[in-house]
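Visitor: Mind looking over this structure? Questions follow.
The values are calculated or read from the model by the stated rules, or taken from the named source; none is laboratory data. Note that the structure is a prediction, hence the values are computed from the model and not measured. A quick note on method: Cβ atoms are made from the backbone with ideal geometry, for glycine too, and the neighbour counts reach across all protein chains shown. These accessible areas exclude ligands, DNA and RNA; they are computed on the full protein's heavy atoms, side chains included. Shrake-Rupley method; radii C 1.70, N 1.55, O 1.52, S 1.80 Å.
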Amino acid sequence: MLKLVLGGSGSGKTSWLYDQLAQRAAQGQPSILLVPEQFTSSTEGRIYRQLGDRGSGWVESFSFTSLAERILSEEGGAAIQTLTDAGRVALVRRALEELQDNVRFYYRHRHSAAFCQLAAETIDELKSAGVTGEELARLAGGCGPESGRLSELAMIYQGYETLLAQTGMDPSDRIKLAAQRLEAALAQGRVPAFLEGRAVFIDEFDTFNAPKQQLMGAMLAALPQVTVALCDDGAPARPGDLGLFAGAKAVGAQLRRLARKNGAEVAAPLLLRRDLRHRDAPGLARLEQLLATGSCDPGPAAEIRLYAAPSREEEARAAAGAIRRLMAQGVRCGRIAVVCRDLDRYRAAVRYEFRMADIPLWCDEATTPAFSAPAAAVTALLELAKGADYTEQLSALIKTGLTGLTEEQACALENYAYTWSPKAAEWRAAFAKSPRGFGSEKLTEEEQAALKAADEARAFLIGPVEALRSRCRDASAEQISRALWFCLESLGAEQAQQAQVEALRAARGIPAAEEAAREWNVVMGLLNEMARLLGTETAPPAEYAELFGLLLRSSDLGHIPQTLDAVMLASAGKMRLDAPDYVFVLGVAEGEFPAAPGQTGLLTHADRDALMRQQVDLPDCFENRVVREQVCFYKAMTAPAKGLW
């Protein structure tokens, strides 16, 4: 049975779901709560707080990704290798190389990392709509003047799928595979053991793409109850409506059709009309009413403060000052959030002003490992394997600190290399020149010691490096990855990295040490990813280095909050605020927030319209993005319970 719970922001949809979970737990009935990926951690904390030790044991929290993995672990398919997002970008790059001169429209951009990223995003969008490369090639013929460019994009997509079949699985395909496994189990008249007798509650979703719809359909057919909460006012949908709740109404209609298609009953929706979040803040309640309906009851709005700032820096400074005043009144930092539409425009200013005001701040941001010490070490070794200048690359390798050289040896070698700039042949022979440069004077004891230390360091480095160069000749990507690992082992990189982690732990604390350890693990994981992507195919070191650099730039280290009480800086499009009392919304200006929909990926708005005319449901079409932008603005403005700046 499908049951929809409808209501505006702050109407108590999530609280109602938790009440249902608590009632089922009290009766000894197991439940599943499905939330978006970025909400799983805070959701698990709330389940424990509200249901306690005993009750929380009856509820499992999943995202669609983790639920798919659980199904695959029971029904088979979990062991299939899956690409990371960075691996997807690298595989697109390989597909472009395979196509060579067949690529005409995008020929100039084939080697661009940014283009490969856009192509990967476009493939992900098409997969989310359930469109394969073959289907796109067929649909491209009906797209008018742009059919040639879309046909070429379909050719890249098909090339990606061909390479993917030899490598593993796209991340989005795992949900589709889980849905197929669940459908196969139903065809046999059974349900996976962990799903038996469970009710599923779904919260915080604004849309469901094609793979998620397929999994939802299987769950509707298999489970006794599926409850979905949607941000919707409950009014009837109107054709062509682009209002605030148009997206939720479309999703609701989509779910009803899906339930009927899979033989599930559709219960009458539950409509929550009261604004519970703002019951003690009448000004914020009027704002929610205004945004939801276009009008509101007249009255004061003491909880809302407006500040016209001449610059982003002034905005951040004003927000910091107001937060300091709230902190002086006893408000915890964890009850305060700062929201903007584009974090890149505000991150630096907010960090600076909050640091000056001594306000703890947490901001999730993508951080590439490309400039970390492990990445620099691997890059230097790859350059040496390509035949680059020994002096420059060995000096770069030494500077990472990831070798077994002592400080005295490293300094002596760097000084000698700076003084004489040895050629490759000179690096292979013992150093014999004076460390101080030209001159026929006899070496002092200190200079003899420096020369000996430099030569010992040379001998320590050159053996593993020469072995790496020989192993990389006519080698496969898997062999190159293995050769790089053994070279790092011979150089003592792992032990040196562990020593760096311990030194950071003593000097700067646990967070810095954990980040250094994470950098090493991510970069070593990328070596494994390269072996999986290219396998036994022969890869020249230059091509390997280029793809490895692309993987580095496309990877994200991720960050863990280092304090329990900090102000959260969040993007309006990705925020998950844990019931804040006060919210500061920055950058409220025409065209900035709400933002005007721009182009994403390689598909233009005209391309999407042409595909949608052929019954392709693209989630990123212009109309959907307009509605989603309104919802982002609405949720940011209605998030606080006590005050809005």
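Visitor: Quick one: what Rg and Dmax do you get for segment 228-300 from the alpha carbons, in Å?
Guide: 15.3, 51
Visitor: While we're here: Binning every alpha carbon pair distance of segment 433-492 at 5 Å from zero, what are the percents per bin?
Guide: 4, 18, 18, 14, 10, 9, 10, 8, 6, 2, 0
Visitor: Give LYS127/LYS574; LYS574/LYS642; LYS176/LYS635; LYS212/LYS574; LYS13/LYS574 a once-over and call out the pairs whose C-alpha atoms are over 28 Å from each other.
Guide: LYS176/LYS635
Visitor: Sticking with this structure for a sec: Please name whichever of ALA248, ALA309, ALA493 sits farthest to the positive end of the charge dipole of the chain, dipole taken about the Cα centre and charges placed at Cβ: Lys and Arg +1, Asp and Glu -1.
Guide: The one lying farthest along the dipole's positive direction is ALA248.
Visitor: In Å², and per residue, what accessible area does the chain have when probed at 1.4 Å with the other protein chains present?
Guide: So the chain comes to 47 Å² accessible per residue, rounded to a whole number.
Visitor: Relative to the longest principal axis of the C-alpha atoms of the chain, give the angle of the C-alpha long axis of helix 510-534, reported between 0 and 90° and rounded to the nearest 10°.
Guide: Rounded to the nearest ten degrees, it is 80.
Visitor: Among DSSP beta bridges lying fully in the chain, give the percent that are antiparallel, nearest 5.
Guide: 5
Visitor: Taking the Cα atoms only, what angle lies between the long axis of helix 210-222 and the longest principal axis of the chain, rounded to 10 degrees?
Guide: Taking the Cα atoms of the chain, the angle to 210-222 is about 50 degrees.
Visitor: On a 0 to 90° scale, report how tilted helix 312-328 is relative to the longest principal axis of the chain, with both axes built from alpha carbons and the result rounded to the nearest 10.
Guide: Computed tilt is about 70 degrees.
Visitor: According to the square roots a ≥ b ≥ c of the eigenvalues of the Cα gyration tensor, what is the shape class of segment 31-131, taking rounded for a/c under 1.5, prolate for a/b larger than b/c otherwise, and oblate for the remainder?
Guide: In terms of gyration-tensor shape, prolate.
Visitor: At 7 Å along Cα-to-Cβ for each site, give me the label-to-label distance between ALA459 and ARG436 in nm.
Guide: Those two pseudo-labels are separated by 2.5 nm.
Visitor: If you don't mind, another one. Test of understanding: extend the Cα→C-beta vector of SER311 to 7 Å, then name every residue of segment 324-355 with backbone N under 12 Å from that spot.
Guide: 349
Visitor: Still on this structure, I have one more. Per the 1.4 Å probe, what fraction of the accessible area of segment 405-543, in percent, lies on carbon and sulfur atoms?
Guide: About 52 percent, which is the carbon plus sulfur part of the accessible surface.
Visitor: Which net charge results for the neighbourhood of ALA26, defined as the other residues with beta-carbon distances under 12 angstrom from its beta-carbon, given Lys and Arg at +1 and Asp and Glu at -1?
Guide: Surrounding charge for ALA26 is +1.
Visitor: With only alpha-carbon atoms counted, please give the Rg and Dmax of segment 75-178, in Å.
Guide: In Å, with Rg to one decimal and Dmax whole: 13.8, 46.
Visitor: Skipping prolines and chain starts, which residues have an amide H placed within reach, meaning under 5 Å, of the one on VAL567, given they are 5 or more residues away or on another chain?
Guide: Long-range HN contacts for VAL567: LEU361, TRP362.
Visitor: Bin all alpha-carbon pair distances of segment 309-412 at 5 Å intervals from 0 and give each bin's fraction as a whole percent.
Guide: Reading upward from the zero bin: 2, 10, 16, 13, 9, 6, 7, 10, 10, 9, 6, 1, 0.
Visitor: Leaving out same-chain residues fewer than 8 places away, which aspartates and glutamates sit with a Cα under 17 Å from that of LYS452?
Guide: Hits, sequence-local ones excluded: GLU407, GLU408, GLU414, GLU426.
Visitor: What does the charge dipole of the chain about its Cα centre add up to, to the nearest 20 debye, if the Cβ of each Lys and Arg holds +1 and the Cβ of each Asp and Glu holds -1?
Guide: Its charge dipole is roughly 1600 debye.
Visitor: Name the shape class, rounded, prolate or oblate, that the alpha-carbon gyration tensor gives for segment 1-60, where a ≥ b ≥ c are the square roots of its eigenvalues, rounded holds for a/c under 1.5, and otherwise prolate holds if a/b is larger than b/c and oblate otherwise.
Guide: Oblate shape, in that a/c is at least 1.5 and b/c is the bigger or equal ratio.
Visitor: Can you give the local net charge around ALA377? Use residues other than it whose beta-carbon is closer than 13 angstrom to its beta-carbon, Lys and Arg +1, Asp and Glu -1.
Guide: After counting each charged neighbour, the total is -3.
Visitor: Oh, and also: For THR293 and LEU557, FRET efficiency with R0 = 45 Å and r from the beta-carbon atoms, rounded to 0.05?
Guide: 0.55
Visitor: For segment 531-645, what class follows from the C-alpha gyration tensor (a ≥ b ≥ c being the square roots of its eigenvalues): rounded when a/c is under 1.5, otherwise prolate if a/b is larger than b/c, else oblate?
Guide: oblate
Visitor: Then there is this: Please work out how much accessible surface ARG351 shows to a 1.4 Å probe, ignoring ligands, DNA and RNA, in Å² rounded to 10.
Guide: Near enough 90 Å² of accessible area.
Visitor: Can you list which of the trypsin sites (Lys or Arg not before Pro) found in segment 374-442 are DSSP loop residues with at most 12 other C-beta atoms within 10 Å?
Guide: Listed in order of number, the matching sites are LYS423, LYS442.
Visitor: What value, in deg cm²/dmol to 500, does the helix sum -39500 (n - 2.57) over DSSP H runs of n ≥ 4 give at 222 nm once divided by the residues of the chain?
Guide: Value at 222 nm, helices only, nearest 500: -18000 deg cm²/dmol.
Visitor: Can you list the residues, at least 5 places off or on another chain, whose amide H is less than 5 Å from the amide H of ALA539, using H built in the peptide plane?
Guide: Amide H neighbours of ALA539, under 5 Å, 5+ apart: ALA475, SER476, ALA477.
Visitor: Ratio of Rg to Rh for the chain, alpha carbon only, Kirkwood?
Guide: 1.02
Visitor: Which of MET327, VAL350, TRP420 sits closest to the plus end of the dipole of segment 316-462, meaning its Cα is farthest towards the positive end, when Lys and Arg get +1 and Asp and Glu get -1 on the C-beta?
Guide: Positive-most Cα among the choices belongs to MET327.
Visitor: Here is a further query. HN-Hα J couplings of segment 18-29 from phi, Karplus 6.51/-1.76/1.60, θ = phi - 60°, integer Hz, Gly and Pro as x?
Guide: 5, 5, 5, 4, 5, 5, 5, 5, 5, 8, x, 9
Visitor: Take the Cβ-Cβ distance between ALA579 and GLU98 as r, set R0 to 45 Å, and report the resulting FRET efficiency rounded to the nearest 0.05.
Guide: Given R0 = 45 Å and the Cβ-Cβ separation, E is 0.35.
Visitor: What aspartates and glutamates could a cross-link reach from LYS249, if we take a straight Cα to Cα line under 14 Å and drop same-chain neighbours fewer than 8 places away?
Guide: Counting by Cα, and skipping residues close in sequence, LYS249 has these aspartates and glutamates nearby: ASP206, ASP232, ASP233, ASP241, GLU623.
Visitor: Give the calculated FRET efficiency between GLU446 and ASN521 to the nearest 0.05, with a Förster radius of 45 Å applied to their Cβ-Cβ distance.
Guide: Efficiency at R0 = 45 Å is approximately 0.60.
Visitor: What is the distance in Å between the Cα centroid of segment 380-438 and that of segment 206-270?
Guide: Computed from Cα coordinates, the inter-centre distance equals 65 Å.
Visitor: What nm distance separates the two modelled labels at PHE105 and ALA79, each placed 7 Å from Cα along Cα→Cβ?
Guide: The modelled label-to-label distance comes out at 4.2 nm.
Visitor: Here's a follow-up. Work through the residues other than GLU196 whose Cβ is under 12 Å from its Cβ and net out their charges, Lys, Arg +1 and Asp, Glu -1.
Guide: +1
Visitor: Okay, next question. Roughly speaking, to the nearest percent, how much of segment 100-162's 1.4 Å accessible area is carbon and sulfur?
Guide: 48
Visitor: Where in segment 435-486 are there chymotrypsin sites (Phe, Trp or Tyr not before Pro) that are in a DSSP coil and have at most 12 other Cβ atoms within 10 angstrom of their Cβ?
Guide: Qualifying residues, ordered by number: PHE438.
Visitor: With the contact rule set at Cα under 8 Å and sequence spacing of 6 or more, what percent relative contact order holds for segment 190-321?
Guide: 19
Visitor: Another question, then. Evaluate 2.2 N^0.38 Å with N set to the residue count of segment 223-352, then give the Cα radius of gyration divided by it.
Guide: Scaled against compact globular proteins, the figure is 1.47.
Visitor: Could you please put ARG190, ARG93 in sequence from largest to smallest accessible area, using a 1.4 Å probe?
Guide: Result, largest first: ARG190, ARG93.
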